[in-house]
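**Student:** For reference, the structure I am asking about is given below.
Coordinate-derived values only; no laboratory data. Bear in mind the structure is a predicted one, so any value in this text is a computation, not a measurement. Every residue, glycine among them, receives a Cβ derived from its backbone with ideal geometry; neighbour counts consider all protein chains shown.
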Amino acid sequence: MLERKQVILGVSGGIAAYKAVQLLRLLTKAGADVHVIMTRSAQEFVTPLTFQTLSANPVHTELFNLISEQQIGHISLADRADLFIIAPATANIIGKVAGGIADDMLTTTVMATKAKVLIAPAMNVNMYTNPIYRDNEERLRRLGYLFVPPETGELACGWIGEGKLAAPESIFEAAMAALTSKTLNGQTIMVTAGPTREEIDPVRFVSNHSSGKMGYALAGAARRRGSRVILVSGPVGLTAPPGVELVRVESAAEMREAVMARVGECSVVIKAAAVADYRSVERSETKIKKQNDELTLRLVKNPDILAELGRLEQRPFLVGFAAETDSLEAGAAKKLAEKNLDMIVANDVSQPDAGFNVDTNRARILFRDGRSAECPLMSKNELADRILDHITTEFSPRRER
Ligand code: PMT
């Protein structure tokens, strides 16, 4: 997802410096070419060799290094960056940047860059709430510097409070958001995700293997592109992407209610949820006792939420999913037409590497006018981006009308 992106990771001195190693891993795994700059105090906590090994690039520690200055000095580093991250950023570094002080490799390169700068502060809670620090952060925010706020928790100094470096995953998410153009700015997008659970009695339910990964990837990607995102999610073990409004539901009936209550706010609805087609006719108030060798469950059809959306007079741009094990295109095309959709993602769930409860997926996207686009095996994050690329182009002409 960060293929061909040049990222500078500035590490300043604090116990949280070790977490920058994890952040570096996330960035390189996503394809970014990362150059690390360490302050002198950062090197007291983690050795440059660790960052050098994991980034496969030399680590920059000295402003005046004749050899590296010829090959890749601070100006050349600053120029080539798509994004500049400082994590952890101490009160000292933030104060220097805010005050225009450039007296080492890190501060000099930040000063020289035209790239977006993303700062992840980490410090003692009293430093973090000190009005001098607050002024510095405010000033930098006004100038367009981006911040990933620290978390509240037990700090290395023994205090409990705000100042703990944000989780590497949160900084990574903010980095991806900073590098994503805001093609869906001003839109409100609803994504449904996960399974629904249809209770039989207080301890049993009918459901399916949906993990929510596809829907959550779409929600995160839509949010990174600048849209407001309402994520209506069945029961899953995932954390909602930052900045997304999460509405938790259990059953298909609850999902229907949640979707219908908010659809008026949305310009696009993406239904990645695997809604249970049937529910038990009755829900027993008490646990059904084991009795005979056979037990017959009577099921009744659930409302089709997507079809109901398709019948709305003022309907949003509608994107469905069709999980199919055979007759992929025919099955999906039928659903596209019957449910009155704009696009459908025909999801081939016949192979173990795609569909339910895995990190990868393969699909074919069908459009209303008969066109289609192949999406070979890729990560669910990549597929989410592909789907949103198509939504952006298909949806824009409507917006302009
Ligand atoms: O969650 P993961 O583990 O990441 O797996 C992802 C996924 C396989 C669940 C996802 O990619 C997917 O294919 N979701 C749709 C699954 C599905 O229910 O397909 P369907 O063909 O049964 O339904 C067609 C469409 O109608 C879907 O958009 C579904 O949300 C919608 N529907 C279905 C039934 C119903 N009662 N109401 C609905 O709105």
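**Student:** Taking only C-alpha pairs under 8 Å that are 6+ residues apart, what is the relative contact order of the chain in percent?
**Tutor:** That works out to 11 percent.
**Student:** 5 Å is the cut-off here: which amide hydrogens, built 1.01 Å from N in the peptide plane, fall below it relative to residue 116, excluding neighbours closer than 5 in sequence?
**Tutor:** Under 5 Å from the amide H of residue 116 lie the amide H atoms of 84, each far enough along the sequence or on another chain.
**Student:** Continuing with the same structure: So between residue 386 and residue 238, what do we pick up on full extension, going 0.36 nm a residue minus the alpha carbon distance?
**Tutor:** Values: separation 148, 0.36 × 148 = 53.28 nm, distance 2.18 nm.
Fully extending the segment from residue 386 to residue 238 adds 51.1 nm.
**Student:** Taking GluC sites (Glu not before Pro) as candidate sites, keep only those in a DSSP loop with at most 10 other Cβ atoms within 10 Å, then name the longest stretch of the chain containing none of them.
**Tutor:** The longest uninterrupted stretch comes out as 4-284.
**Student:** Could you give the length gained by full extension between residue 257 and residue 367, i.e. 0.36 nm per residue of separation minus their alpha carbon distance, to one decimal place?
**Tutor:** Result: 36.9 nm gained on full extension.
**Student:** Something else: Taking amide H atoms as placed 1.01 Å from N in the peptide plane, list the residues 5 or more away in sequence, or in a different chain, whose amide H sits under 5 Å from that of residue 191.
**Tutor:** The answer is 230, 231, 232, 270.
**Student:** So, one more: Per the Kirkwood formula on distinct C-alpha pairs, the Rh of the chain is how many angstrom? Can you show the working numbers first?
**Tutor:** Values: mean 1/r = 0.0424 Å⁻¹.
23.6 Å is the Kirkwood radius here.
**Student:** Anyone know which of 287, 271, 116 comes out most mobile in the 10 Å Cα GNM of the chain?
**Tutor:** Fluctuation is largest for 287.
**Student:** Tell me which trypsin sites (Lys or Arg not before Pro) from the stretch 144-206 have a DSSP coil assignment and no more than 13 other beta carbons within 10 Å of their own.
**Tutor:** For trypsin sites (Lys or Arg not before Pro) across the stretch 144-206 that sit outside H, G, I, E and B with at most 13 neighbouring Cβ atoms in 10 Å, the list reads 182.
**Student:** Oh, and also: Hey, what do the phi angles of the stretch 283-296 turn into as Karplus ³J(HN,Hα) couplings, whole Hz, using 6.51/-1.76/1.60 and θ = phi - 60°, x for Gly and Pro?
**Tutor:** Each residue of the stretch 283-296 in turn: 10, 6, 6, 10, 4, 5, 6, 6, 10, 7, 5, 10, 9, 9 Hz.
**Student:** Add +1 for every Lys or Arg and -1 for every Asp or Glu among the other residues with Cβ under 14 Å from the Cβ of residue 301, and state the total.
**Tutor:** That sum, taken over residues with Cβ under 14 Å, equals -1.
**Student:** Taking the Cβ of residue 279 as the centre, find all other residues whose Cβ is under 15 Å away and add up their charges (Lys, Arg: +1; Asp, Glu: -1).
**Tutor:** -3
**Student:** Would you list, by chain and number, the aspartates and glutamates whose Cα falls below 18 Å from the Cα of residue 380, excluding same-chain residues fewer than 8 positions away?
**Tutor:** 3, 169, 173, 324, 348, 353, 359, 389
**Student:** Let me ask you something else. In whole Hz and in residue order, list the ³J(HN,Hα) couplings for the stretch 324-339 that follow from phi through the Karplus curve 6.51 cos²θ - 1.76 cosθ + 1.60, θ = phi - 60°; x for Gly and Pro.
**Tutor:** Karplus-based 3J(HN,Hα) across the stretch 324-339 equals 10, 9, 8, 6, 3, 5, 4, x, 5, 4, 4, 5, 4, 6, 5, 9 Hz.
**Student:** Cα extents of the stretch 188-400 along the three principal axes, largest first, in whole Å?
**Tutor:** 61, 34, 33
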